Amino acid sequence: MPHDTPLIATLVGAFVLAFVLGAIAQRLKLSPLVGYLLAGVLVGPFTPGFVADEHLALELAEIGVILLMFGVGLHFSLSDLLSVKAIAIPGAIVQITAATVMGMGLAWALGWNLGAGLVFGIALSVASTVVLLRALQERRMVESEQGRIAVGWLIVEDLAMVLALVLLPALSGALGGRTVTTGTIDWLGLGGDVWTTLAVTLVKVAGFVVLMLVVGRRVIPWIMHWVAHIGSRELFRLAVLAIALGVAFGSAKLFGVSFALGAFFAGMVLSESPLSHRAAEETLPLRDAFAVLFFVSVGMLVDPSIVVKSPVSLLVTVLIVLVGKSLAAFLIVRAFGYGNSTALTISASLAQIGEFSFILVALGVDLQLLPAEGRDLILAAAIISILANPFFFLVLDRYRARHAPLRPEKAAAPAPKPVPELPATALSNHTVLVGYGRVGRLVADGLKAAGTPFLVIEDQGDRLEELKRLDIEAVNANAASAPAIAAANVAGARRIILAIPDGFEASNVLKKARQLNPAIEIVARAHSDAEVEHLRQSGANFIIMGEREVARGMLAHVLETSQNDIAGAAAAEQAVEGGNRAGPSVSTDTAGPVDAGPGLAEPAAAAQKETL
């Protein structure tokens, strides 16, 4: 077996360091992207010690780009954009223009040509969607008007970057970079001037877009529905990956468009299918893994000596991102008649650069448009801006707390609603149900039928709407957050039922509930012996493992219809219990099951209706 394994060494080095530094960044309440980028710096050629294979890392990063763009397409929401189009579209265009001009000004001062300045400025103009969504989700602002404007703004930026990725190769020669001619131009015998190249590129892109919108919108959802009806989760996951990678690769080979554009359209077409959420969930682990490799490969390109070699240029670059771009966004939002709170939210959201900047920089260097110094400045500024961005939101939080309630933010339109504080429930000695998925619905039905006072903690919009229609009290928040625990009055509750499917995730809620209310009765669900043991050690009173209850339900039905074998029934029951002793699937610290009313009195019967 060969001992020279650069691929394995690159993967191991990247994942191990990314995990360690990402965990440290998360612990410091920073974006894990910072850790991934720093991991790349450590395994890159500019720092001592282990050096990963740069060429292999870039190949793996291409897969990361494809899956990242596929995810962007899956989450692309035209309705979200249209709801705030009046400010998001013109605002983003003006802000991109302002940031690009500032970047081109610095490039001119450094003696770069027009093409380098254009790529440099555009790369500084676009913010990271990953960083923004994380900040908004932590503050429950995604569904607020301010959050919708920020997300819509970034959607416009993303679309502009997709257009830039398409046009740059065609314009490269005219901008002072490497001339790119396509096989189509050579085959047709046309000249290679910029207008011909641009026209052919636009025709090919238009052909690809038409093919995806006319054929892809029918074929791709049909394939996904066909695979879903087969019933194989493995094949479904494989189908999603085959579509993402296949469309990206095919679009590059047949139409000459970038992997990024092909993957984006594949995700956007699939997003119209009812199976899009499942597709996103199934591919998330692999998407995350290759996204990590993408950020590590970007970090490998960073030369830390840029801090010493060009400190003034780096400082100006960082100021363009943190101050210049944010100030431009603030003035634009204010010019549209919105108040300071909305303007500051947009400014804080845009005070960083991320994944699209990296993709654009890589393309600019490949086309010989952007010098290596420009790449180093942008990558170093990205790390610094992502590190600094949480502090912008801390200042915003203090401002909003000091100036609440907000004054009307727009003279000609209804005032945006401020993000509400979680209202505290009036219930006491009640049941708190965490999660309103398939299992949570069954539990809620039983509690409601029994007349047991309860409320639900849930943060999914469609489920919250359903709870509202059913007149069931709900707390709109992540159950692990302190405000959610307080609003649900866990301190005065009789019991908490953790109906969410991940036992390890549920333990975070469990521990906080137990600390706040040592006497509370905690009911949880699990899917494995490891989850059962983890929940038991965390303090759960009663743990149900779905597989055991399904087995009980099946046996109850079979043995009920076969009354002639009592001995067989006893032996079967003993077998189930024996399996439990070998690896406990149900654990209880109390004398008996939790008394939650008639709706929960027959766990075996409930298991017959649905797999827990």
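Annotation: amide H-H contacts under 5 Å for residue 454 (H modelled 1.01 Å from N, sequence separation of 5 or more, or interchain): 431.
The eigenvalues of the Cα gyration tensor, multiplied by 5 and square-rooted, give region 211-282 an equivalent ellipsoid with semi-axes of 21, 12, 10 Å from largest to smallest. Let me know the whole percent of all Cα-Cα pairs from region 435-483 that are separated by more than 14 Å. Looking at region 435-483, the distances longer than 14 Å represent 48 percent of pairs.
If one puts a single equal scatterer on every Cα of region 475-536 and applies the Debye formula without solvent, what log₁₀ I(q)/I(0) results at q = 0.13, 0.17, 0.20, 0.22 Å⁻¹? Cα-only, vacuum Debye calculation for region 475-536: -0.31, -0.52, -0.71, -0.85.
So for region 262-340, Kirkwood radius off the Cα pairs, Stokes-Einstein at 25 °C and 0.890 mPa s: how many µm² s⁻¹? Before the final figure, lay out each step's value.
Working: Rh = 17.0 Å.
After rounding, the answer is 144 µm²/s.
Using only the Cα atoms, work out Rg/Rh for region 23-78, with Rh taken as the Kirkwood radius, to two decimals. Across region 23-78, the Cα-based Rg/Rh ratio is 1.09. 3J(HN,Hα) along region 528-535: 8, 5, 5, 5, 4, 5, 5, 5 Hz, from the Karplus curve 6.51 cos²θ - 1.76 cosθ + 1.60 with θ = phi - 60°, whole Hz, x for Gly and Pro. How large, in Å, is region 247-304 by the Kirkwood hydrodynamic radius built from its alpha-carbon pairs? Hydrodynamic radius (Kirkwood, Cα only) of region 247-304 equals 13.2 Å. Under Stokes-Einstein, with the Kirkwood radius over Cα pairs standing in for Rh, what whole-number D in µm²/s applies to region 358-402 at 10 °C and 1.306 mPa s? It diffuses with D of about 129 µm²/s by this estimate. Protection proxy ranking of 348-354, 328-334, by the mean of other Cβ atoms within 10 Å over each peptide's residues and highest first, is 348-354, 328-334.
Peptides 211-222, 145-156, 245-256: what's the order by average Cβ count within 10 Å, highest mean first? Before the final figure, lay out each step's value.
Numbers: 211-222: 15.2, 145-156: 23.8, 245-256: 18.7.
Result, highest mean Cβ count within 10 Å first: 145-156, 245-256, 211-222.
Quick one: which of 29/325; 29/511; 85/325; 29/448; 204/309 span more than 32 angstrom between C-alpha atoms? Working shown, then result.
Values: 29/325 24 Å; 29/511 21 Å; 85/325 20 Å; 29/448 40 Å; 204/309 43 Å.
The pairs that break the limit, which is 32 Å between Cα atoms, are 29/448; 204/309.
Suppose R0 equals 56 Å. What FRET efficiency, 1/(1 + (r/R0)^6) with r the Cβ-Cβ distance, do residue 218 and residue 334 give to the nearest 0.05? Before the final figure, lay out each step's value.
On the way: r = 45 Å, r/R0 = 0.81.
Taking R0 as 56 Å, the efficiency between residue 218 and residue 334 is 0.80.
A convex hull fitted to the Cα coordinates of region 297-411 yields 109 cubic angstrom per residue.
Taking θ as phi - 60° and the Karplus parameters 6.51, -1.76 and 1.60, the scalar couplings of region 475-486 work out to 10, 8, 5, 6, 5, 7, 7, 4, x, 5, 4, 6 Hz in sequence order, x denoting glycine and proline. Phi-derived couplings, Karplus 6.51 cos²θ - 1.76 cosθ + 1.60 at θ = phi - 60°, listed residue by residue for region 256-264: x, 8, 6, 3, 4, 5, x, 5, 4 Hz, with x used for Gly and Pro. Dividing the alpha-carbon radius of gyration of region 502-562 by the rule-of-thumb value 2.2 N^0.38 Å gives 1.38. For region 212-350, the spread of Cα coordinates along the three principal axes comes to 58, 44, 30 Å, biggest extent given first. The figure for residue 448 is an accessible area of roughly 110 square angstrom, using a 1.4 Å probe on the protein chains alone.
Each other residue within a Cβ distance under 13 Å of residue 97 adds +1 if Lys or Arg and -1 if Asp or Glu, for a net charge of 0.
The values are calculated or read from the model by the stated rules, or taken from the named source; none is laboratory data. Just so it is clear, the structure is predicted and the values come from calculations on it, not from any experiment. No Cβ is skipped: glycine too gets one built from the backbone with ideal geometry, and neighbour counts run over all protein chains shown. In case anyone asks, the SASA skips ligands and DNA or RNA and just uses the protein heavy atoms, side chains included. Shrake-Rupley method; radii C 1.70, N 1.55, O 1.52, S 1.80 Å.
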